[in-house]
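I have placed the structure first, in the form of structure tokens, so that the comments after it can refer back to it.
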Amino acid sequence: QVQVVESGGGLVQAGGSLRLSCAASDRTFSRYAMGWFRQALGKERECVAAISWSGFGRYYLDSLKGRFTISRDNAKNTVYLQMNSLKPEDTAVYYCAAAASDNDYYYYTESDEYLYWGQGTQVTVSS
């Protein structure tokens, strides 16, 4: 089973930036599409961004309006979420998830499409 670990969350003022990192390890060396999700208290979990195995296919939540960028470095087995111009409504626990896929362009945006999840990292944006 793949191990997924997020880091980089914290407290930031509105307008600030954070970069989340997700380190994935798998003793079978399988390929994975990856996604970032967030869940605020009392709200449904939503997909913030997703990326295919190669990085050629990418998805972003429309409401983010280009503020977030997902990227990956397969040589380091790491996926990143760069978050700029943060707003209080971005406050949530952010989760990294992995779905088995070796397709260059396919990504996934539904929680039940992912089998492996990290523990989550808290992002709090103050006004």
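Taking the range 20-47 as the region of interest, how many residues are in contact with a helix residue (DSSP H, G or I) (Cβ under 7 Å, 6 or more places away or on another chain) and without any contact (Cβ under 8 Å) to a residue 60 or more places away in the chain? Step through it out loud before you land on a result.
Kept after step one, since they are in contact with a helix residue (DSSP H, G or I) (Cβ under 7 Å, 6 or more places away or on another chain), are these residues of the range 20-47: 37, 45.
In the following step, the residues that additionally are without any contact (Cβ under 8 Å) to a residue 60 or more places away in the chain were identified as none.
The number of residues fulfilling the criteria is 0.
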Task: the range 77-125 - residue that is aromatic (Phe, Trp, Tyr) and within 14 Å of the chain's Cα centre (by Cα) and, of those, nearest to residue 67 (Cα to Cα) - done: 80
Open item on the list: For the list (1) within 14 Å of residue 47 (Cβ to Cβ); (2) in a helix (DSSP H, G or I), I need the number of the one condition that residue 109 fails.
Closed with: (2)
- [ ] Considering each residue of the range 70-127, count those that are among the charged types (D, E, K, R), in contact with a Lys or Arg (Cβ under 6 Å, 6 or more places away or on another chain) and buried (at least 17 other Cβ atoms within 10 Å of the Cβ), and give that number.
- [x] 0
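For the range 38-52, how many residues are part of a strand (DSSP E or B) and either over 17 Å from residue 96 (Cα atoms) or out of contact with any Leu (no Cβ under 8 Å at 6 or more places or on another chain) (or both)?
Residues flagged as part of a strand (DSSP E or B) and either over 17 Å from residue 96 (Cα atoms) or out of contact with any Leu (no Cβ under 8 Å at 6 or more places or on another chain) (or both) within the range 38-52 amount to 4.
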Open item on the list: Among the numbered criteria (1) under 16 Å from residue 92 (Cβ atoms); (2) surrounded by 13 or more Cβ atoms within 10 Å (Cβ to Cβ), which one does residue 43 miss?
Closed with: (2)
TODO: Please find, within the range 6-32, the residue that is least open to solvent (accessible area, probe 1.4 Å) out of those that are at pLDDT 95 or above and aliphatic (A, V, I, L, M).
DONE: 20
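Return yes or no: is residue 24 over 13 Å from residue 90 (Cβ atoms) and touching a Ser or Thr at 6+ places or on another chain (Cβ under 6 Å)? Break it down into steps so the answer makes sense when it comes.
Working: over 13 Å from residue 90 (Cβ atoms): yes; touching a Ser or Thr at 6+ places or on another chain (Cβ under 6 Å): no.
Spelling it out, it is not the case that residue 24 is over 13 Å from residue 90 (Cβ atoms) and touching a Ser or Thr at 6+ places or on another chain (Cβ under 6 Å).
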Open item on the list: Among the listed residues 35, 55, identify the single one that is surrounded by 13 or more Cβ atoms within 10 Å (Cβ to Cβ), in contact with a Ser or Thr (Cβ under 8 Å, 6 or more places away or on another chain) and not in a strand (DSSP E or B).
Closed with: 55
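The values are calculated or read from the model by the stated rules, or taken from the named source; none is laboratory data. Given the structure is predicted, the values throughout are model-derived calculations rather than measurements. A quick note on method: Cβ atoms are made from the backbone with ideal geometry, for glycine too, and the neighbour counts reach across all protein chains shown. We work out accessible area using only protein heavy atoms, side chains counted, and drop any ligands, DNA or RNA first. Shrake-Rupley method; radii C 1.70, N 1.55, O 1.52, S 1.80 Å.
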